[in-house]
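Peer 1: Have a look at this one before I ask anything.
The values are calculated or read from the model by the stated rules, or taken from the named source; none is laboratory data. The structure presented is a predicted model; accordingly, all values stated were derived computationally and were not measured. Cβ placement follows ideal geometry from the backbone for every residue including glycine, while neighbour counts extend to all protein chains displayed. Each accessible area value is taken on the protein alone, full model and side chains, heavy atoms only, with ligands, DNA and RNA left out. Shrake-Rupley method; radii C 1.70, N 1.55, O 1.52, S 1.80 Å.
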Amino acid sequence: MDCTILVNRTHLLEKDYIPPLLVEPSILFDAPLKDKRRLLSLPAARAVHLLFQSGRNQGIFLYGISGYRPYDRQKEIYDKRLRESSPDYVNLLIAPPGASEHQTGLALDVSCQDIDFSLENEFATTKEGQWLAANAPLFGFVVRYPKGKESVTGYAWEPWHIRYVTKSLSLYLTMTGLTLEEYYTHPSG
Ligand SMILES: [Zn+2]
């Protein structure tokens, strides 16, 4: 699979797209055993194992919360939120089915014990969140929805959502400050 694939509200995955090699990385999780959310595509699974292991060696304990999410599950989540809130609000926070990076198996939501394993902006203030933001690019990941890029990515700031893009691209995006959307619009920076 192409680990640099762009998936967003205008670049949708097919309903029946399933990543070829889904495996459970050997990392700490706060997620039910056997659940699909513990799965990642093989290249992302290998990389996140090294990333979290490097953290652990420095006393940083990161937990996987949610990785792979099938199309149908995304549709359930999206439809449920639409019944509860206005479409504009839901659309800033939740990807419509086919528009979620979690369907690629390359994205992982990460949290830590200090904030009870929640997915909140507060994660960015924890030592785990700060370590993750600084070190994820060294292992091929980017924090995909940065603060200040909401109008480019189409998503609210999500300090907990990391996306595997390969090490050469994660370093490039980090040095240039580009999001994946901007990279595909102006690849030369
Ligand atoms: Zn996410």
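Peer 1: Considering only residues that are surrounded by 13 or more Cβ atoms within 10 Å (Cβ to Cβ) and in contact (Cβ under 8 Å) with a residue 60 or more places away in the chain, look in region 51-90 and name the one that is farthest from ALA136 (Cα to Cα).
Peer 2: ILE65
Peer 1: Kindly indicate the residue of region 111-141 that is over 17 Å from PHE52 (Cα atoms) and of a type in the set (D, E, K, R) and also farthest from the ligand (Cβ to nearest atom) among those meeting that condition.
Peer 2: ASP116
Peer 1: Only residues that are open to solvent by 60 Å² or more (accessible area, probe 1.4 Å) and outside any helix (DSSP H, G or I): list them for region 99-118, please.
Peer 2: Correct list: ASP116 only.
Peer 1: Which number in (1) within 14 Å of the ligand (Cβ to nearest atom); (2) out of contact with any His (no Cβ under 6 Å at 6 or more places or on another chain) marks the one condition that ARG144 misses?
Peer 2: (2)
Peer 1: Give the residues of region 38-50 that are within 15 Å of the ligand (Cβ to nearest atom), assigned to a helix (DSSP H, G or I) and touching a residue at least 60 places away in the same chain (Cβ under 8 Å), sorted by residue number.
Peer 2: The answer is ALA44, VAL48.
Peer 1: Taking region 9-28, which residues are touching a Gly at 6+ places or on another chain (Cβ under 6 Å) and either charged (D, E, K, R) or open to solvent by less than 30 Å² (accessible area, probe 1.4 Å) (or both)?
Peer 2: Passing the criteria: ARG9, LEU13, PRO19, ILE27.
Peer 1: Okay, moving on. Only helices (runs of 4 or more DSSP H) wholly contained in region 121-189 count here; list those with 1 or more residues that are among the hydroxyl-bearing types (Ser, Thr, Tyr).
Peer 2: 150-153, 167-176, 180-185
Peer 1: Given the conditions (1) touching a residue at least 60 places away in the same chain (Cβ under 8 Å); (2) within 13 Å of the ligand (Cβ to nearest atom); (3) open to solvent by 10 Å² or more (accessible area, probe 1.4 Å), and given that PRO96 satisfies all but one, which numbered condition is not satisfied?
Peer 2: Of everything listed in (1) touching a residue at least 60 places away in the same chain (Cβ under 8 Å); (2) within 13 Å of the ligand (Cβ to nearest atom); (3) open to solvent by 10 Å² or more (accessible area, probe 1.4 Å), PRO96 misses just condition (2).
Peer 1: Just for region 147-171: of the residues that are within 15 Å of the ligand (Cβ to nearest atom) and of a type in the set (Val, Ile, Thr), which one is surrounded by the most Cβ atoms within 10 Å (Cβ to Cβ)?
Peer 2: Among those that are within 15 Å of the ligand (Cβ to nearest atom) and of a type in the set (Val, Ile, Thr), it is ILE162.
Peer 1: If you don't mind, there's one more thing I want to ask. Confirm whether THR174 is over 26 Å from VAL90 (Cα atoms), in contact with an Asp or Glu (Cβ under 9 Å, 6 or more places away or on another chain) and among the polar types (S, T, N, Q).
Peer 2: no
Peer 1: Only residues that are part of a strand (DSSP E or B) and touching a His at 6+ places or on another chain (Cβ under 9 Å): list them for region 59-79, please.
Peer 2: Once the filter is applied, which keeps residues that are part of a strand (DSSP E or B) and touching a His at 6+ places or on another chain (Cβ under 9 Å), region 59-79 yields only SER66.
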